[in-house]
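K.L.:
I'd like to ask some things about the structure below.
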Amino acid sequence: MDVSKFIDAEKGLIKGEIFHSQEIYEEELEQVFARSWCFLAHDSMIPEPGDFMQNYIGEDPVLVVRQEDGSVKAFLNQCRHRGMRLCRADLGNAKNFMCSFHGWNYGIDGELINAPHSDQIYESLDPDVFRATQVRLANYKGFIFGTWDKTVADFEEYLGDFAWYFDAYVDRFEGGMEVVGVHKWVLPANWKFNAEQPSSDMYHGEVSHGSAFQVMVPLSAAGAPPPWAMEQLGKLSQPAGYQFTAPNGHGTGWFNGGMPLMDETILKWHQSTETEVSARLGADRFAIAGHANIFPTFMMLSNYTFRVTHPRGPDEMEIWAWSMAPKNAAAEVKEAIRLDLLRTFSPAGMFEQDDAVNWEEEQRIMRGHMARKKPLVYQQMLGRARYDADGLPGKTVPHVYAEEAARGMYQHYADLMSGKPWPDLEKLKKAREQRERAELAAAASPAPKAASGGSQ
Amino acid sequence: MNKPDKVTHLFKRPEHLAPVNVTMETAYEIEQFLYAEAELLDAWEFNDWLALMAADVHYWAPVRENRMAREAEQEMYPPGTAAHFDENLQMLGQRVARLYTHMSWSESPASRTRHLISNVRAHTTDKADEFQVQSSFHVYRTSSERHQDSVVGRRFDLLRRADNAYGFQIADRTVVFDMSMLLVKNLSSFY
């Protein structure tokens, strides 16, 4: 499907049709979700043999199961016979999965073990026909991703330069991360709102979440915020930082010095980890702590909420959010992280509640003809992208309030929606990057009549 | 086979299932207290509502997920793990203060709620002035032009007699939402 008439990523103009159209939505399930790497589980969610959880790739339910040998398998949670949902629990431990319709019984690896009376009614139980549909898997530092697509690049290559930034979230500490909580809820809005925002939107925080910042600032007996809190809030009034975009639509952004933190326990712990994290990842990556999204819908924030957004029609999404904490952190630190997340970024959280209303109203208004006719403006830091600048791999812009990652995300979305096979897309993206690098090099080289230098 | 540990079933504890053992007068006082609390919430008198909380209040709402029958006792996440609320008095105070900033967009413009409280059952405890009280709630909400939703569940309270206008304080509250995945956009009220 050609959605380019709605998306002009170079000019930063995008029409609301892509958030509203049922026809586009149906195509997204095939072209976007079935062709991308999607988050399925973390090792700590299914630690023991037989442990399973259900997740989704788009609208397709997937069972992710720890095998006897410690490996992980994942398969479509659907009986091959009549398409019934094989397992109806969200999580648990199982020795096998029996379909509750006719009793077909599958192993934890998705192979059909038995169909009742099969010796009398089937010629054979050919595994190629009867096996549950398998997912191609990758395990990146404990985070398990899956795809149906056999032609998309291996996961690390799919991440590209984003891997360097992803590590600032998931490889920050020896021992990695572990799950400490979960929330699932439904929002009446298009899934792309919760892909675009974690990719590219630090800008909304000051206003969308103004109420939470107001009440969470601690006050001394004299009624004034302590110096440490003023310093944190200063990041909002004097915003400085970066945003990164990847050719495959991933994005991230951060304030210089990290996210403003209002919880003193967490702030002190965060500061106490600087030596360890800097030794592990380098001093430059200690500060990379903000918002991020792996296209299409695996998002994370520096407070260690990790979420996948599942599409449910053009005007509805499910958010599945896991609270995670460094596995080797002290118990009181893990507890502070768990409590901070449920009080801020959960359906009852003081930040999260307000995002819901913005997205609901944004979605509702897209029903209008004029609301979809005139393009929305995605032009922050337009024309300011550089490659491999300031020690940051890949394409960045030098401001924390930017829409480079949104433009990059929608460019990749349009690429995928075109239906071109992955090898062609990779060539296209390579050529695009080479052209951009050449243009930047030409602009930077001393021309005979150069009027001015860099516009930084 | 292990028998499911009934104690982990929040809504199946023996003390909750036991016949009510408070006097009619106490039962009436407790019911009227819960109705007054609901009235304060629906009237947006959140500071007065907050004043009903004991200084040591714990306001907790665990998350639940769908489990196979043999793991039913694990449906509810235990204390210290996944929860929608896990609040002390100070945190409840922050939530209330937020509603009056005029920038709490989930409640600005304000939603209209109706807290319907029913199935109240009370039991005595070891302490003469404290009662274990269960009640069901149906919070109906409308907001903006067309939004409406409902949140239904059951509460397990420890009420303590107090020298205030309504006669009790809430010393402990566990809110059990009936939904597993929340089919609402947010939980912007109190339950």
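K.L.:
Of the residues A:SER36, A:SER21, A:SER44, only one is under 18 Å from the mean Cα position of the chain (by Cα), modelled with pLDDT of 95 or more and not aromatic (Phe, Trp, Tyr); which?
P.N.:
Step by step, each of A:SER36, A:SER21, A:SER44 is checked, and only A:SER36 is under 18 Å from the mean Cα position of the chain (by Cα), modelled with pLDDT of 95 or more and not aromatic (Phe, Trp, Tyr).
K.L.:
Whether any residue in segment A:185-208 is without any contact (Cβ under 8 Å) to a residue 40 or more places away in the chain and surrounded by fewer than 19 Cβ atoms within 10 Å (Cβ to Cβ) is what I want to check.
P.N.:
yes
K.L.:
Only one of these conditions is not met by A:ALA279: (1) within 14 Å of another protein chain (Cβ to nearest Cβ); (2) at pLDDT 90 or above. Which number is it?
P.N.:
Just one mismatch for A:ALA279, condition (1).
K.L.:
Looking only at segment B:100-114, filter to residues that are outside any loop (DSSP other than H, G, I, E, B) and either aliphatic (A, V, I, L, M) or facing chain A (nearest Cβ under 10 Å) (or both); which one of those is surrounded by the fewest Cβ atoms within 10 Å (Cβ to Cβ)?
P.N.:
Only one residue fits best here, namely B:TRP105.
K.L.:
Same structure again: Looking at (1) within 10 Å of another protein chain (Cβ to nearest Cβ); (2) out of contact with any strand residue (DSSP E or B) (no Cβ under 6 Å at 6 or more places or on another chain), can you tell me which one B:ASN164 breaks?
P.N.:
Here B:ASN164 clears every test but (1).
K.L.:
Before we move on, is A:TRP359 aromatic (Phe, Trp, Tyr) and not assigned by TED's automatic domain parsing to the domain that holds A:PHE244?
P.N.:
Here the answer is no, as A:TRP359 does not meet what is asked.
K.L.:
Residues that are at the interface with another protein chain (Cβ under 10 Å from one of its Cβ atoms): which strands (runs of 3 or more DSSP E) entirely in segment A:289-399 hold 1 or more of them?
P.N.:
Output list reads A:317-326.
K.L.:
I would also like to ask the following. Among the candidates A:ALA89, A:ALA132, A:ALA153, A:ALA189, single out the residue that is in contact with a Gly (Cβ under 6 Å, 6 or more places away or on another chain) and part of a loop (DSSP other than H, G, I, E, B).
P.N.:
A:ALA132
K.L.:
Now, a different point. Say we look at segment A:88-135 and pick out the residues that are among the aromatic types (Phe, Trp, Tyr) and more than 14 Å from A:PHE75 (Cβ to Cβ); which of these is farthest from the other protein chains (Cβ to nearest Cβ)?
P.N.:
Here the residue is A:TYR122.
K.L.:
Across segment B:78-95, what is the total count of residues that are over 23 Å from B:SER180 (Cβ atoms) and more than 9 Å from chain A (Cβ to nearest Cβ)?
P.N.:
4
K.L.:
I need the full set of residues from segment B:29-77 which are part of a loop (DSSP other than H, G, I, E, B) and within 14 Å of chain A (Cβ to nearest Cβ), in order please.
P.N.:
Answer for segment B:29-77, where residues must be part of a loop (DSSP other than H, G, I, E, B) and within 14 Å of chain A (Cβ to nearest Cβ): B:VAL63, B:GLU65, B:ASN66, B:ARG67, B:MET68, B:GLU75, B:TYR77.
K.L.:
Let me ask something else about it. Please pick out the residue among A:THR265, A:THR273 that is within 14 Å of chain B (Cβ to nearest Cβ) and hydroxyl-bearing (Ser, Thr, Tyr).
P.N.:
Criteria check complete, one pass: A:THR265.
The values are calculated or read from the model by the stated rules, or taken from the named source; none is laboratory data. Given the structure is predicted, the values throughout are model-derived calculations rather than measurements. Backbone-built Cβ (ideal geometry, glycine too); neighbour counts: all protein chains shown.
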